[in-house]
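K.L.:
Pasting in a structure now, in structure tokens, and then I'll have a few things to ask.
The values are calculated or read from the model by the stated rules, or taken from the named source; none is laboratory data. These numbers were taken from a predicted model, which means no experiment stands behind them. A quick note on method: Cβ atoms are made from the backbone with ideal geometry, for glycine too, and the neighbour counts reach across all protein chains shown. Just so you know, the surface numbers come from the protein's heavy atoms only, side chains and all, with ligands and any DNA or RNA stripped out. Shrake-Rupley method; radii C 1.70, N 1.55, O 1.52, S 1.80 Å.
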Amino acid sequence: MAVRNETGAAMLATVREQLTVQPVMSGGDRHEAVQQGIAAYDNATTLPMWLAWLLGFVVQKLGPKGLEYARFSIDSHFVRNYLYVRRHYPQKLAAHVPEFARRLVSRYRLPVK
């Protein structure tokens, strides 16, 4: 847990006894999970709610865990947003996607334009 300032330390002190603190866990491979979703992001596929729930259940059981799940979530959102801008506003891609996001997205095999 990271506390960045005195206000945060005071807030933490008020709830510390109610918290259970444990080491950060991490497991799985986010790269494979993100890569599998790229085709759906590129096609702007909208899933029916029951299928989205089922997919979420499967990812929860078989996909990345803990810190790796957080990284999966961040990577997949960056990839999805990059593909959206590339598809709808290609002329704005260079101006709207910062370098750190381009580096993150470059780790994945994106469909050819």
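K.L.:
Choose one answer from V58, V79, V34: the residue with the largest mean-square fluctuation in a GNM of the chain with alpha-carbon springs under 10 Å.
P.N.:
Taking springs between Cα atoms under 10 Å, the residue moving most is V58.
K.L.:
Which ³J(HN,Hα) values in Hz, rounded to whole numbers, follow from the phi angles of region 18-25 under the Karplus curve 6.51 cos²θ - 1.76 cosθ + 1.60, where θ = phi - 60° and Gly and Pro get x?
P.N.:
Each residue of region 18-25 in turn: 8, 9, 10, 9, 9, x, 5, 9 Hz.
K.L.:
If amide H atoms are built 1.01 Å from N in the plane of the peptide, which residues on other chains or at least 5 residues away come under 5 Å of the amide H of S26?
P.N.:
L67
K.L.:
Let me ask something additional. Taking the 0 to 90 degree range and rounding to the nearest ten, how far is the long axis of helix 67-88 tilted relative to the main principal axis of the chain, both from C-alpha atoms?
P.N.:
The helix 67-88 is inclined about 30 degrees to the chain.
K.L.:
Build a GNM of the chain with springs between Cα atoms under 10 Å: which of A94, A44, A13 gets the top mean-square fluctuation?
P.N.:
Sorting by GNM fluctuation, first place goes to A13.
K.L.:
Mean-square fluctuation check for the chain, GNM, Cα pairs under 10 Å: which of M49, M25, M11 is largest?
P.N.:
In the Gaussian network model the winner is M11.
K.L.:
Taking the solvent-accessible surface of protein heavy atoms with a 1.4 Å probe, what is the per residue accessible area of the chain in Å²?
P.N.:
I get 78 Å² per residue for this part.
K.L.:
Could you give the angle, 0 to 90 degrees to the nearest 10, between helix 30-42's Cα long axis and the longest principal axis of the Cα atoms of the chain?
P.N.:
40 degrees
K.L.:
Another question about this same structure. What shape does region 41-95 take by its C-alpha gyration tensor, where a ≥ b ≥ c are the square roots of the eigenvalues and a/c under 1.5 counts as rounded, a/b above b/c as prolate, and the rest as oblate?
P.N.:
Oblate, because a/c is 1.5 or more while a/b does not exceed b/c.
K.L.:
Okay, moving on. In degrees, nearest 10, range 0 to 90: what is the angle between the Cα axis of helix 6-15 and the longest Cα principal axis of the chain?
P.N.:
70 degrees
K.L.:
Determine the dipole magnitude for the chain: charges of +1 sit on the beta-carbon of Lys and Arg, -1 on that of Asp and Glu, nothing else is charged, the reference point is the Cα centre, and the result goes in debye to the nearest 20.
P.N.:
Value, rounded to 20: 440 debye.
K.L.:
What is the percent carbon and sulfur in the accessible area of the chain, measuring with a 1.4 Å probe over the protein chains and ignoring ligands?
P.N.:
Roughly 59 percent of what the probe reaches on the chain is carbon or sulfur.
K.L.:
Which length gain, in nm to one decimal place, applies between A10 and A94 when the Cα-Cα distance is subtracted from 0.36 nm times their residue separation?
P.N.:
Difference between extended and current length: 26.0 nm.
K.L.:
Here's something else I'd like to know. At 1.4 Å probe size, what's the solvent-accessible area of L67? Round to the nearest 10 Å².
P.N.:
Only protein atoms counted, so the area is about 70 Å².
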